[in-house]
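Data first, discussion second: the structure below is written as structure tokens.
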Amino acid sequence: MFDVQRVREDFPILKRKINSYPLIYFDNAATTQKPQQVLDAERDFYENHNGNVHRAVHTLSQEATDLYEAARETTAKFIGAKNSAEVVFVRGTTEAINLVAYSWGIPNLKAGDEILVSTMEHHSNIVPWELAAKLTGCTVRYGKVHPDGTLDTADFEGKFNKNTKLASLSQVSNVSGVINDVKHIAKVAHEHGALMLVDGAQSVPHMPVDVADLDVDFLAFSGHKMLGPTGIGVLYAKKPLLEQMSPFEGGGEMIRDVTVNQQTERCGISWNDPPWKFEAGTPNICGAVALAAAIKYLQHLGMAEIFQHEKELTVYAMEQMLSCCTKLRLYGTTDASLKCGIMPFGVEGLSSHDVALFLDNYGVMIRSGYHCAQPLHQVFNLASSARASFYIYNTKEEVDRFVKILKEMEQF
Ligand code: PLP
């Protein structure tokens, strides 16, 4: 049984008051708060085990290496990866997608090739592909989105052809919360000989995600959106792909040997095995250790239970918002079966920033703007939107207070 009050006790920040009101944190799609267990894991690492990884023979280096590699194992199991070597630690989703665009894309793409993304993508699943297209001459194609924010699946599938080399799609939109059937799209991609990348920034923290079941080639996600620290994220990739791919950055740890012949001034380099081939320099060791603590916390609650909790909150919030506030508009589909806990909305006559600032006065944190997804806002015919997004510690009582403040806002 999911006990939200018990969960809340683990989050020190939820005791904060803003302008003497209890903090209500509804900006979880941007970043999430951290439980004591994650804060303790970070502190324990620096207080007791801090050393650099894979380098020295001394005890602290060994302990740090063991913790770092154990974090990789934990992460691999969490997403159903067969082998922990398929988990590359990166800074976050943005870096993971850039890594694929540079290390797989630039050596493999040429004029005439196509990359297929959708119009609902976060800029970090658009811009790296446009940059790769500039360098390789390939074309980026954009699957259409319906006016309600759902993917036009027929259009997306229809855009696959013999030139499609990779499809890159978010599993959950960071603006509308719409869930895409990436398992089906991966199958279609493979039938066309294309690879499939899933942007899991908004799905991995909120629902069960299993890469073996989805049969995707790449999965990208960020630690800070799932109770972990900033600066740590994951690129999952099938091992044969990682073996073929060129390194992303050069430096220490990603090489096996570097030799320089002083006479000829020739340098010979051989790469380390994946995943280390993609982790040049000192990685975010403590971040990985804390991410593993976050994953264990989520696993303890159960990903299916988390998804259900957020679904119930979303249904409740949409009902309350629509029935109580006449000037309020929900953007995108209101069919809860198609989405998870992200709700874009607007209040007639007010800008999204006005709405967010008004709520902030009462201790309620939401996001305003275009959420790094301008093309989807163009589909909605909006310059910006307000966005409330839920996580494991949010409650119906918080939704009630949020709706009460929205009603007050309407009087102005
Ligand atoms: N993709 C989606 C769907 C997102 O929501 C975000 C962040 O909001 C990103 C990518 C980028 O994540 P990060 O900033 O952690 O790299």
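The values are calculated or read from the model by the stated rules, or taken from the named source; none is laboratory data. It should be emphasised that the depicted structure is a prediction, and the values quoted were computed from it without experimental measurement. Note that each Cβ is placed from the backbone with ideal geometry, even for glycine, and that neighbours are counted across all protein chains shown. Side chains are part of the model used for accessible areas, which takes the heavy atoms of the whole protein and leaves out ligands, DNA and RNA. Shrake-Rupley method; radii C 1.70, N 1.55, O 1.52, S 1.80 Å.
Among the residues of region 63-87, the ones that are of a type in the set (Phe, Trp, Tyr) and open to solvent by 20 Å² or more (accessible area, probe 1.4 Å) come to 1 in all.
Among the candidates Glu279, Glu253, Glu312, the residue that is surrounded by 14 or more Cβ atoms within 10 Å (Cβ to Cβ) and modelled with pLDDT under 95 is uniquely Glu253. Of all residues in region 264-276, none are part of a helix (DSSP H, G or I) and in contact with a Phe, Trp or Tyr (Cβ under 7 Å, 6 or more places away or on another chain).
Filtering region 357-385 to residues that are among the aliphatic types (A, V, I, L, M) and within 16 Å of the ligand (Cβ to nearest atom) leaves Met365, Ile366, Ala373, Leu376, Val379.
Is it the case that some residue within region 69-82 is of a type outside the set (Val, Ile, Thr), closer than 25 Å to Lys396 by Cα and within 23 Å of the chain's Cα centre (by Cα)? Scanning region 69-82, I find no residue that is of a type outside the set (Val, Ile, Thr), closer than 25 Å to Lys396 by Cα and within 23 Å of the chain's Cα centre (by Cα), so the answer is no. Ala85 meets all of the listed conditions (1) touching a helix residue (DSSP H, G or I) at 6+ places or on another chain (Cβ under 9 Å); (2) assigned to a loop (DSSP other than H, G, I, E, B) but one, namely (2). The residues of region 113-125 that are open to solvent by 20 Å² or more (accessible area, probe 1.4 Å) and either within 15 Å of the ligand (Cβ to nearest atom) or at pLDDT below 95 (or both), listed by number, are Thr119, His122, His123. Regarding Phe248, is this residue in contact with a Ser or Thr (Cβ under 9 Å, 6 or more places away or on another chain), under 30 Å from Gln36 (Cβ atoms) and touching a residue at least 12 places away in the same chain (Cβ under 8 Å)? No; evaluated as a whole, the condition is false for this residue. When you scan region 88-111, do you find a residue that is open to solvent by 10 Å² or more (accessible area, probe 1.4 Å) and more than 26 Å from Pro275 (Cβ to Cβ), even just one? Looking through region 88-111, at least one residue is open to solvent by 10 Å² or more (accessible area, probe 1.4 Å) and more than 26 Å from Pro275 (Cβ to Cβ). Among residues of region 324-341 that are basic (Lys, Arg), those with a Cβ under 8 angstrom from a residue that is surrounded by fewer than 17 Cβ atoms within 10 Å (Cβ to Cβ), sequence gap 6+ or separate chain, pair up as Lys327/Glu348; Lys327/Gly349; Lys327/Glu410; Arg329/Glu348.
Candidates are the residues of region 319-331 that are open to solvent by 20 Å² or more (accessible area, probe 1.4 Å), touching an Asp or Glu at 6+ places or on another chain (Cβ under 8 Å) and of a type outside the set (Lys, Arg); the one that is nearest to Asp27 (Cα to Cα) is Gln320. Checking the structure you have, find out if any residue of region 33-56 is open to solvent by 10 Å² or more (accessible area, probe 1.4 Å), over 30 Å from Asp360 (Cα atoms), touching a Leu at 6+ places or on another chain (Cβ under 7 Å) and assigned to a helix (DSSP H, G or I). Yes, region 33-56 has at least one match.
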